[in-house]
Amino acid sequence: MTVGPRLFSILRQGTCLIASIHTALDDSQLLRFQEDLIATIGRDRARGVVIDVAALDVLDSFATSTLRDIGEMARLRGAATVIVGIQPDVAIAMVRLGLRTGVLETALDLEEGLALLGDRMAGSPAARR
Amino acid sequence: MSTEDDQDTGEVAAGAAPDDEILLPQLVAHLREHRNRLRQEWVGRIDQAHLLQAMTSQEVAAETTSVYDNYVEVLETGSVGALQHYARDLSERIIPRGVETDEVVGIVLLLRDVLARSLFEKYQRDLPLLNRVLDAYEPAANRIANTVAGSFVDERERVIRQQQDSIRELSTPVLRVRERLLILPIIGVLDRERARQLTEQLLTGIRAHRARVVVIDITGVPDVDEAVANHLVQTVDASRLMGASVIITGLSPEIAQTLVMIGVDLSRMDTIGDLQGGLEEAERLLGYTVTRDSEAAGP
């Protein structure tokens with residue numbers, strides 16, 4: 001694991017975690033992000049995770065698959081995951097490359113993501129797919 | 001031109017015929033003098049050839065008079081500027097009427113033939129002179145034909161370009177119907193470039209309006225092939241990445257059959273028959289209920 005400044009932050013907001021990625025992460029930093037986040041979910045007994053990628057202008061296949069893994073792991077630890085802040089250009093590039101987010105939910109921004117998680121946790125029938 | 005000059009000096013030396021300097025003015029004077037008769041003859045030939053059927057006889061008379069005068073003027077001055085301008089004007093007027101390129105070229109060539117014949121009649125007794133008259137006349141006449149045809153084609157291309165531009169600009173508006181709800185009515189043929197532009201506009205619109213549901217209506221799309229279908233799937237996926245659900249409406253029976261036949265995987269697309277149904281579903285997703293006033297006012 002690389003040591004050095006953390007290029008992401010994980011904040012607690014009620015029963016949810018807000019994980020913001022501040023700048024493009026290399027592969028080892030992505031793995032560090034994954035470990036820290038999964039550990040924090042258990043420690044804070046979080047029910048939902050919002051991962052904000054608004055600062056990223058590219059999401060490559062490794063980043064996408066890491067996010068997908070995080071979603072799976074978080075689900076196993078009892079938290080729903082939402083990816084927010086994917087930029088238009090990033091979205092186009094991702095579908096061009098055929099990158100799938102799988103079971104991960106996506107929302108426009110932090111506010112939408114928290115609302116979506118709120119719906120999920122309330123088990124609301126009006127929740128979106 | 002140089003051969004003409006050579007001939008010129010030769011003839012002048014012989015001292016028999018008028019030299020080229022005055023040959024062209026003579027020719028022009030002749031064409032002016034017999035303007036009415038030659039024009040009538042020309043119109044007759046146009047009729048015979050069934051050209052310009054889209055225009056009334058008055059219009060044909062008016063236009064042929066102008067073309068004739070312009071034609072003679074070019075012979076006289078040797079400058080095609082005015083003719084070019086007139087030809088472009090004429091094209092602008094007659095292209096919407098459905099006049100084809102071959103008709104325009106046809107009538108100009110007919111005029112050339114009519115005038116050539118009249119020159120032939122006038123100078124037939126003096127063969128060397130006739131040759132020189134034709135030497136002076138033919139290059140100018142061919143240049144006129146070229147100019148007219150060129151102007152017509154230019155004008156036509158300009159119209160096509162203009163239409164393409166306006167189609168491109170008009171055809172993909174991203175409209176907000178309600179808070180968080182966008183519709184995207186697509187009209188016309190979707191090619192690769194347009195599909196790309198459309199995806200970009202939609203995604204930017206989703207971010208700008210913070211949309212959660214988008215209804216894409218393709219009632220106005222005549223044909224969907226595999227490439228276009230895949231573009232639509234990509235658009236839907238990209239929108240989903242930005243947190244918006246997409247509903248496709250207005251798939252015609254033909255398009256539905258084509259898509260199934262060519263085996264495009266549309267399982268990730270939500271489709272609803274018409275725009276009304278799509279909007280109703282979108283409102284349901286967003287939690288809107290729409291009621292009529294009379295019902296709302298009731299008990």
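The values are calculated or read from the model by the stated rules, or taken from the named source; none is laboratory data. Since we're looking at a predicted model, the values are computed, not measured. Positions of Cβ are generated from backbone atoms using ideal geometry, with glycine treated the same way; all protein chains shown enter the neighbour counts.
Give the residue that is modelled with the lowest pLDDT, with candidates limited to residues of segment A:100-129 that are assigned to a loop (DSSP other than H, G, I, E, B) and more than 9 Å from chain B (Cβ to nearest Cβ). Step through it out loud before you land on a result.
Filtering segment A:100-129 down to residues assigned to a loop (DSSP other than H, G, I, E, B) leaves A:100-104, A:108-109, A:123-129.
Then drop every residue that is not more than 9 Å from chain B (Cβ to nearest Cβ), which leaves A:102-104, A:123-125, A:127.
Numbers: A:GLY102: 76, A:VAL103: 74, A:LEU104: 85, A:GLY123: 67, A:SER124: 44, A:PRO125: 45, A:ALA127: 39.
Among them, the one singled out is A:ALA127.
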Name the single residue that is nearest to A:ARG68 (Cα to Cα) among those in segment A:1-30 being modelled with pLDDT of 90 or more and of a type in the set (A, V, I, L, M). A:LEU30
When you look at B:THR289, is it within 14 Å of chain A (Cβ to nearest Cβ), over 22 Å from A:ASP109 (Cα atoms), surrounded by fewer than 18 Cβ atoms within 10 Å (Cβ to Cβ) and in contact with a helix residue (DSSP H, G or I) (Cβ under 9 Å, 6 or more places away or on another chain), yes or no? yes
Is it true that A:ALA93 is in contact (Cβ under 8 Å) with a residue 24 or more places away in the chain and not charged (D, E, K, R)? yes
Go through segment B:127-232 and tell me which strands (runs of 3 or more DSSP E), entirely inside it, have 1 or more residues that are within 14 Å of another protein chain (Cβ to nearest Cβ) and within 20 Å of B:GLU283 (Cα to Cα). B:181-187, B:213-220
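Just wondering, is there one or more residues in segment B:122-140 that are within 28 Å of the chain's Cα centre (by Cα), more than 30 Å from B:ALA49 (Cα to Cα) and surrounded by 13 or more Cβ atoms within 10 Å (Cβ to Cβ)? Explain how you work it out, then say what you get.
From segment B:122-140, those within 28 Å of the chain's Cα centre (by Cα) are none; that's our starting set.
No, there is no match, as no residue in segment B:122-140 is within 28 Å of the chain's Cα centre (by Cα), more than 30 Å from B:ALA49 (Cα to Cα) and surrounded by 13 or more Cβ atoms within 10 Å (Cβ to Cβ).
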Members of segment B:233-251 found to be over 17 Å from B:GLY188 (Cα atoms) and not in a helix (DSSP H, G or I), listed by number: B:MET242, B:GLY243, B:ALA244, B:SER245, B:VAL246, B:ILE247
When (1) touching a strand residue (DSSP E or B) at 6+ places or on another chain (Cβ under 7 Å); (2) surrounded by fewer than 14 Cβ atoms within 10 Å (Cβ to Cβ) are applied to A:ILE21, the one that fails is (2)
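Can you tell me which residue in segment A:64-91 is nearest to A:ALA107 (Cα to Cα), limited to those that are hydrophobic (A, V, I, L, M, F, W, C) and away from chain B (no Cβ under 13 Å)?
Of all residues in segment A:64-91, those hydrophobic (A, V, I, L, M, F, W, C) come to A:67, A:70, A:73-74, A:76, A:79-80, A:82-84, A:86, A:90-91.
The next check asks that each one be away from chain B (no Cβ under 13 Å); those that pass are A:70, A:73-74, A:76, A:79-80.
Values: A:ILE70: 17, A:MET73: 20, A:ALA74: 17, A:LEU76: 21, A:ALA79: 16, A:ALA80: 13 Å.
The qualifying residue nearest to A:ALA107 (Cα to Cα) is A:ALA80.
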Reported set for segment B:87-117 where residues are over 15 Å from B:ASN146 (Cβ atoms), over 15 Å from the mean Cα position of the chain (by Cα) and crowded, with 17+ Cβ neighbours inside 10 Å is B:GLU103, B:LEU110, B:VAL114, B:LEU115
Test of understanding: among B:SER239, B:SER245, B:SER267, which residue is surrounded by fewer than 15 Cβ atoms within 10 Å (Cβ to Cβ), among the hydroxyl-bearing types (Ser, Thr, Tyr) and within 14 Å of chain A (Cβ to nearest Cβ)? B:SER267
Flag for A:ARG96 being facing chain B (nearest Cβ under 9 Å), crowded, with 16+ Cβ neighbours inside 10 Å and at pLDDT below 90: no
Is it the case that segment A:31-45 has a residue that's acidic (Asp, Glu), modelled with pLDDT of 90 or more and under 28 Å from B:THR204 (Cβ atoms)? no
Evaluate segment A:19-33: report whether one residue or more is under 23 Å from B:ARG212 (Cα atoms) and either away from chain B (no Cβ under 14 Å) or free of Cβ contacts under 8 Å to residues at least 24 places away in the same chain (or both). yes
